[in-house]
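Asks: Dropping the structure in here first, questions after.
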Amino acid sequence: MTQNDIIKTHFKKHKTITTLQAFSMYGITRLAARILNLRESGIKISGYMIPVKNRLGEIVNVKKYYVGK
């Protein structure tokens, strides 16, 4: 199963994915590149930034992607 397949399956089950989830759940370090591949294959994927705490307790932003406009 390719990383693109893993992400498509994740979208079907969970509807959204963040860069942190992609790394911690699947070891995918370049989610944005995989999202670009999926978009180029015709899948409509949008996203927005969400605030999360990093391991130092600081608030940082990560991208949350979803299928749709």
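Asks: Among residues belonging to region 20-33 that are open to solvent by less than 50 Å² (accessible area, probe 1.4 Å) and touching a residue at least 24 places away in the same chain (Cβ under 8 Å), point out the one that is farthest from Val60 (Cα to Cα).
Replies: Ile28
Asks: So in region 1-19, with the set limited to residues that are among the hydroxyl-bearing types (Ser, Thr, Tyr) and open to solvent by 30 Å² or more (accessible area, probe 1.4 Å), which one is modelled with the lowest pLDDT?
Replies: Thr19
Asks: Give the residue, chosen from Lys64, Lys69, Lys44, that is within 10 Å of the chain's Cα centre (by Cα) and touching a residue at least 12 places away in the same chain (Cβ under 8 Å).
Replies: Sole residue among the options that is within 10 Å of the chain's Cα centre (by Cα) and touching a residue at least 12 places away in the same chain (Cβ under 8 Å): Lys64.
Asks: Among what's in region 34-69 and is among the hydroxyl-bearing types (Ser, Thr, Tyr) and in contact with a Phe, Trp or Tyr (Cβ under 9 Å, 6 or more places away or on another chain), pick the residue that is most open to solvent (accessible area, probe 1.4 Å).
Replies: Tyr48
The values are calculated or read from the model by the stated rules, or taken from the named source; none is laboratory data. From a predicted model like this one, the values you see are computed outputs, not experimental measurements. Neighbour counts run over all protein chains shown; Cβ positions are idealised from the backbone, glycine included. All accessible areas refer to the heavy atoms of the entire protein, side chains included, with ligands and DNA or RNA removed. Shrake-Rupley method; radii C 1.70, N 1.55, O 1.52, S 1.80 Å.
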